[in-house]
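Engineer: Handing you a structure now.
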Ligand code: PMV
């Protein structure tokens, strides 16, 4: 039995009864304010440091699930995907962990509430929605922390997408990863807004899995990252507690820059930005110079996410007509 299978067995062994005919679940996308970058265990997606994110309310993935005889059947945004598709192969390999027997397949229908090209329909909401749907289909009745462990096996950042609001994913210390769980932290902040600025719809030059491994192996600054992340986690919690946008924004922005700096110094370098990414950053910084409190964060791609409050929304909309603006705490 592999370590991944052993974890699934441990978490689901209590289940009696037969699966439901079908199940469906939704999970939100999330934007990390303190990034997960670097694994201490690539097989179990165990991070070297804790991370903190904000979930994006109604933006995310809805996944429907049922069992069938034979191979998996996967539809994404109403399009049937070929089993040879990279996305399908990764999904089916993950579903192998949960297959009742080798002859049983899953019918998976996933729908993203934003176009995939918007860069929000990441693997995070996808694997989280899938695990929530599996929990319903097999009637495991697992708690969210346990579900975050299963979602993590699909994609690290998915651990955080099993919750709404502000979420901390604790890096944990055990080899089994049973303490590497995500938890929602208290703190509603109805005035907070996230603007997503799309600058490119093309495929990433390199996936986050490979980019992380390269950073850990070759970035000369990687040994500093754990301390940076720890300090940023502290500041973000304080900012959330006090509704301090300046502290939240400056910390999230600097954390994102530090992550990208690690990548740039890797060999060979990893650069997710395009010229348009820099243009958005400079426009946001000019707006800030002009007295509008708006801050930036960037994940493993060229798109920029803006952090600001409702009172700045009109100015941000005017400056970034192309932005999708999200209210993480209710619409
Ligand atoms: O979950 P993955 O393997 O796609 O990694 C995501 C990493 C970042 O989005 C760049 C940061 C994060 O914490 O979400």
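Just so you know, all these numbers are worked out from the coordinates, no wet-lab data involved. All figures in this text were calculated on a predicted structure; none of them were measured in a lab. Every residue, glycine as well, gets a Cβ built from its backbone with ideal geometry; the counts of neighbours run over all protein chains shown.
Engineer: Rank these for me by crowding, 14, 243, 260, going from fewest to most other beta carbons within 10 Å.
Structural biologist: Taking fewest neighbouring Cβ atoms as first place, the list is 14, 243, 260.
Engineer: Let me see the P(r) profile for the chain: every Cα-Cα distance counted, bins of 10 Å, each bin given as a percent of all pairs.
Structural biologist: Going from the shortest bin to the longest, the percentages are 6, 26, 35, 23, 8, 1, 0.
Engineer: Also, quick follow-up: Taking the alpha-carbon centroid of each part, what is the distance from the range 259-331 to the range 48-100 in angstrom?
Structural biologist: 28
Engineer: Round to the nearest 10 and give me the degree value, 0 to 90, for the angle of helix 275-289's Cα axis relative to the longest principal axis of the chain.
Structural biologist: The angle comes out at about 50 degrees.
Engineer: According to the square roots a ≥ b ≥ c of the eigenvalues of the Cα gyration tensor, what is the shape class of the range 3-184, taking rounded for a/c under 1.5, prolate for a/b larger than b/c otherwise, and oblate for the remainder?
Structural biologist: Oblate, because a/c is 1.5 or more while a/b does not exceed b/c.
Engineer: What order do you get for 257, 1 when you list them from fewest to most C-beta neighbours inside 10 Å?
Structural biologist: With the sparsest Cβ surroundings first, the list reads 1, 257.
Engineer: Express the relative contact order of the range 1-126 as a whole percentage, based on alpha carbon pairs under 8 Å and six or more residues apart in sequence.
Structural biologist: 29
Engineer: Once every DSSP H run of n ≥ 4 in the chain is given -39500 (n - 2.57) and the sum is divided by its residues, what mean residue ellipticity at 222 nm do you get, rounded to the nearest 500 deg cm²/dmol?
Structural biologist: Counting only the DSSP helices, I get -11500 deg cm²/dmol.
Engineer: How high is the relative contact order of the chain? Use alpha-carbon pairs under 8 Å, at least six apart in sequence, and give a whole percent.
Structural biologist: 21
Engineer: Sticking with this structure for a sec: Among 224, 288, what is the fewest-to-most ranking by other Cβ atoms within 10 Å?
Structural biologist: 224, 288
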